[in-house]
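What follows is a short report on a single structure.
The values are calculated or read from the model by the stated rules, or taken from the named source; none is laboratory data. Note that the structure is predicted; figures quoted are calculated from it, not measured. With ideal geometry, Cβ positions are generated from the backbone for all residues, glycine too; neighbour counts draw on all protein chains shown.
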Amino acid sequence: MRERQPIRYVFIIGLFISLFLDGSISLIFSHLLYGKYILVPSITFAWLFFGMYFINRTNEHVEIWAAIAGLLFDLFYTGILGVYVIIFPLAIIIGRKLYRFLPMNIVTGLFSFAFNIALINVLAYGLNRLMNATNMAAGYFLIHAVIPTVLFNSVLFLILYVPIGVLFDRIE
């Protein structure tokens, strides 16, 4: 039990840092991220995904942390409670299912991550549309928000994959 303690603390601290970075990067670089194409950094979900992907063998309850992160994300960034509380754990559960069937490498990790980023954005759009919180057309949203966001976050995934993998391996 003692061996799991450092990874747990690093994961939790990293989760709160990623929550902070999501908002900070969006605010600081808003003139670059939100123009004709909408690039939404998903650093919080990336951290959760890396936790699920790299520390899966220690049975950390990433789904619970995903729900907590979703609640904080809803409180601080969206103002609509319940959207990310549902979506983050659901995406982690789907990622975990894919993880069991695919070999663990950067290509399959990128595929699973990109799929989950697209899923998160489409589900958030659907829930916001259901609650009349957005009136953006679905086609416009897909072309101008989902695809650029998936590409942007895929680049972030590729940049962070090795350093975070090494971090989790050294701590474990």
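Per-residue answers, yes or no, for (1) in contact with a Pro (Cβ under 7 Å, 6 or more places away or on another chain); (2) outside any helix (DSSP H, G or I):
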residue	(1), (2)
Ile12	no, no
Leu21	no, no
Ala66	yes, no
Ile80	no, yes
Does at least one position in the stretch 26-36 carry a residue that is exposed (fewer than 14 other Cβ atoms within 10 Å of the Cβ), part of a helix (DSSP H, G or I), without any contact (Cβ under 8 Å) to a residue 24 or more places away in the chain and not aliphatic (A, V, I, L, M)? yes
If you go through the stretch 124-159 one residue at a time, how many are closer than 28 Å to Gly79 by Cβ, assigned to a helix (DSSP H, G or I) and over 13 Å from the mean Cα position of the chain (by Cα)? 18
Matching residues, the stretch 92-123, being touching a residue at least 40 places away in the same chain (Cβ under 8 Å) and in contact with a Ser or Thr (Cβ under 8 Å, 6 or more places away or on another chain): Gly95, Tyr99, Leu110, Phe113, Ala114, Ile117, Ile120, Asn121
Among the residues of the stretch 95-123, how many are in contact with a Leu (Cβ under 6 Å, 6 or more places away or on another chain) and not in a helix (DSSP H, G or I)? 0
For a quick check of your reading of the model, give me the residue pairs whose first member lies in the stretch 57-82 and is at pLDDT below 85, whose second is in a loop (DSSP other than H, G, I, E, B) and surrounded by 14 or more Cβ atoms within 10 Å (Cβ to Cβ), with beta-carbon atoms closer than 8 Å and at least 6 apart or on different chains. Thr58/Glu172; Ile80/Ala133
